[in-house]
2 protein chains.
Amino acid sequence: MSELALQAEKLDAADELASLRDRFVLDTASGHAADAAVVYLDGNSLGALPAQVPDRVADVVRRQWGELRIRSWEESGWWTAPERIGDRIAPLVGAAAGQIVVGDSTSVNVFKALVAAVRMAGEDRTEILVDATTFPTDGYIAESAARMTGRTLRRVTPSEVPAALGDRTAAVLLNHVDYRTGRLHDLPSLTAAVHAAGALAVWDLCHSAGALEVGLDEHGVDLAVGCTYKYLNGGPGAPAYLYVREELQPRFDSPLPGWNSHTDPFGMSPSYAPAPGAPRGRVGTPDILSMLALEAALNVWDGVRVSAVRAKSLALTDFFLRCVRAYTEPGRVECVTPERHEERGSQIALRCPDAGEVMGRLIARGVVGDFRHPDVLRFGFTPLYVGFAETERAARILGEELA
Amino acid sequence: MSELALQAEKLDAADELASLRDRFVLDTASGHAADAAVVYLDGNSLGALPAQVPDRVADVVRRQWGELRIRSWEESGWWTAPERIGDRIAPLVGAAAGQIVVGDSTSVNVFKALVAAVRMAGEDRTEILVDATTFPTDGYIAESAARMTGRTLRRVTPSEVPAALGDRTAAVLLNHVDYRTGRLHDLPSLTAAVHAAGALAVWDLCHSAGALEVGLDEHGVDLAVGCTYKYLNGGPGAPAYLYVREELQPRFDSPLPGWNSHTDPFGMSPSYAPAPGAPRGRVGTPDILSMLALEAALNVWDGVRVSAVRAKSLALTDFFLRCVRAYTEPGRVECVTPERHEERGSQIALRCPDAGEVMGRLIARGVVGDFRHPDVLRFGFTPLYVGFAETERAARILGEELA
């Protein structure tokens, strides 16, 4: 056994989170070579299935829908699910209860958050700044938000934000962790800079929530959005969430004021009066199956501290990088994820010209990461279920495929 | 046995759609008096559970998500589900393939459709007309669409639309069937009137699709939206759909241009280039669990003609009205649903001052309709699973409770 493999065994033995893996359905060989367990390093794209979800979904379908039918809107708690599940996500992103509502896609929530932020900023603030390095949907939606609120849009890198801020800045939309490089941006200092300019900070937490501490309340973030199907393991296309800081909620003026956000939704009034609190961010009827699957998925967090998750995440990515360096010829890949812990999310992105083919071969051998156009191999590390021995194995197979 | 009960038996025996009831999970007594089968007349709010759905959902959760995980985006057809399922809905609303995409809530789709319609109408058309009698969310969203496109909004009843149209009219948003009264509006002639004024017609099909023929293509409707959890039985909060007439698709300019609507979504380009065809109406990552439950639910339509469904719907509501008149003291309730078949959807709405209490007692006796503020009893008739004998029984119990 190699030195690194021995090291991995020790790290696994000392891992206080190791038993959490049992809260997930893993180690099935379906579709892969039956003699090799899969190393799933794509939880930053789609989290693995939490073990409690299948029974919960079956109950929602068969009993709540099939037997109680319409009565479940009250009796099974369907109606209040968006804010109830929001309160389950809240502690994972450092938010007190009553500020997060679940529903719609991330893109739709970016639109709500950015338009609302611009409206709060007032008429004389005419520019929106958006992270030029972000996942493209944020940029596309920001462009639409700018067009529809009569603002201009300027694309800057996160490091350029402080210099770009001014008294015309309405809002800044930033990604906490870059989806491609895995770079973690400095949320506290960027938020403070945005506030110093009198603008509002909107953060996209898709690639950070569930992997590291966010501290929304502590750092005074104004609005935030995120998906739930990555590190929160909510299932494919699980509904996203919207955070609106409590003191801003009365001024949250939604561009999508659907009937679910009305203060008296069953009054069926022809005139709109927004609900108080987080439900103001709701729009239409919530997609109950996906939403209650997410609720069951969040049970994996019972008794788990995000700080411990973060510590393991850094240990995993540190160890993966050590193994890659040991097993791969120097210069064959370039690591585009920052070395410094303060700048690293929970993934490692390696650049090489033949990344697409390499990833295809890795997946065929049971090492599941993903490929990001044009030349990036992405490996996501979900500390709740990824261990050190499989991390070593993934790096070893990667080294073989790169040789 | 009463005359009407005998009549019901004959109608059930002659009903060519009667066997379709077996495609649903019904006749479970859970939560209701165990000695009485439930008469479910709320399929216009939440359709009953189709029998194929539980196994399909279990497979999506356990195998597609739990085992194949990220590979399911391709291998299980997740990525193309929105347009594939749209093509399953298309024949039910009289649309050729390639014009419907599934996803998001009805409210979000109303926003997409109305903003896109206004943009197609051009700058010099400054007014949006909206059905003043419609389900409130349409009015709220129309107000937001007007505000965000710099148009004015005018609320008119559907019968006032022809007189209200003019060369300033950009678009008209109408409900095909009124959610409260069950009145069916004249889609062909209203659409023609809208077109004669050079405006665009946007129809909300929530209360008609799956219950009667819509004829989107035949009548030249421009854009349409609808939910799938009523007569399409897709499940609680199942994703809604958006129809954009083929010739208008190149001009469809979405206010929610999320990455799923990009012509090369995995190219991750910072600049937006819309996809051709129906996928242009997509926004973010589709909610797969809810969406594939809907896909399985649509199997109940195999071999079913919508014209037969419509004929049975009218027979059911005719028969229900006959029974209500026979069993209820004259003047005790007022029927607010039109008598004329051309003006009737698939529900009967009865007005009485104590409607809220009456519905409570009906539900306690296993007759499940719903109450609409302030004084309306709603009874929805889903021809795929509602029969005549239970319709007679519902009317009889209603008569007893009203006495």
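Annotations
- Comparing B:Ile100, B:Ile70, B:Ile85 in a Gaussian network model of chain B where C-alpha atoms under 10 Å apart are linked, the largest mean-square fluctuation is found at B:Ile70.
- Chain A - Debye-derived log10 I(q)/I(0), Cα point model, q = 0.13, 0.14 Å⁻¹: -1.09, -1.22
- A straight line joining the Cα centroids of region A:256-295 and region B:261-339 runs 20 Å.
- Protection-proxy order for peptides B:168-175, B:275-282, B:75-82, each taking the mean of Cβ atoms within 10 Å per residue, highest first: B:168-175, B:275-282, B:75-82
- Distance between region A:60-139 and region B:77-102 - C-alpha centres, whole angstrom: 27
- The mean number of Cβ atoms from other chains found within 10 Å of a Cβ in peptide A:273-284 is 2, as a whole number.
- Distances in nm from A:Gly331 to the matching label points in the other copies, shortest first (labels 7 Å along Cα to Cβ): 10.0
- Peptide-level mean, for B:231-240, of C-beta atoms on other protein chains within 10 Å: 6
- Antiparallel content of DSSP bridges confined to region B:55-301, in %, to 5: 35
- Dimensions (Å) - region B:186-225, Cα atoms, principal axes, largest first: 30, 15, 15
- Ranked by the mean number of other Cβ atoms within 10 Å per residue, highest first, peptides A:328-339, B:103-114, B:45-56, A:293-304 order as B:103-114, B:45-56, A:293-304, A:328-339.
- Shielding by partners, peptide A:260-268 (average Cβ within 10 angstrom, other chains): 3
- Estimated from helices alone, the mean residue ellipticity of the protein assembly as shown at 222 nm is -10000 deg cm²/dmol (sum of -39500 (n - 2.57) over DSSP H runs with n ≥ 4, per residue).
Every number here is computed from the coordinates shown, using simple stated rules; none is lab data. On a predicted model such as this, the values are computed, not experimentally measured, just so you know. Positions of Cβ are generated from backbone atoms using ideal geometry, with glycine treated the same way; all protein chains shown enter the neighbour counts.
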